[in-house]
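S.K.: Have a look at this one before I ask anything.
The values are calculated or read from the model by the stated rules, or taken from the named source; none is laboratory data. All values reported here derive from a predicted model rather than from experimental measurement. Positions of Cβ are backbone-derived with ideal geometry, glycine not excepted, and every protein chain shown enters the neighbour counts. These area figures cover heavy atoms from the full protein model, side chains too; ligands, DNA and RNA do not enter into them. Shrake-Rupley method; radii C 1.70, N 1.55, O 1.52, S 1.80 Å.
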Amino acid sequence: MRSDAALVAQVRTVIAESLDLDEDQLPDEPSQDTVAGWSSLAHLVLVLNLEERFGVSFSMDEMVALTSARRILEVLSRRA
């Protein structure tokens, strides 16, 4: 997986859907620090949705590290 525009768009869509937000409500750099609705429960939903969408299974360390769109893209890119 490359960190191209299509992948960025897919990750933003999964984040928005997981946090029950419209994509236009997400900041440019969505993260736990910049999105008020990104709670621990929402994080679990996000992880499950990412696994389903991209056909991967994250390790516990990876799950904990998925704290922003940028980090999600980094982890997914290593899976390529």
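S.K.: Can you give me the ranges of the helices (runs of 4 or more DSSP H) entirely in the chain with at least 2 residues that are touching a residue at least 60 places away in the same chain (Cβ under 8 Å), open to solvent by less than 60 Å² (accessible area, probe 1.4 Å) and among the β-branched types (Val, Ile, Thr)?
M.R.: 5-18
S.K.: Next question. Mind checking whether some residue in segment 42-65 is polar (S, T, N, Q), modelled with pLDDT of 95 or more, touching a Pro at 6+ places or on another chain (Cβ under 8 Å) and under 19 Å from Leu7 (Cα atoms)?
M.R.: Within segment 42-65, not a single residue is polar (S, T, N, Q), modelled with pLDDT of 95 or more, touching a Pro at 6+ places or on another chain (Cβ under 8 Å) and under 19 Å from Leu7 (Cα atoms).
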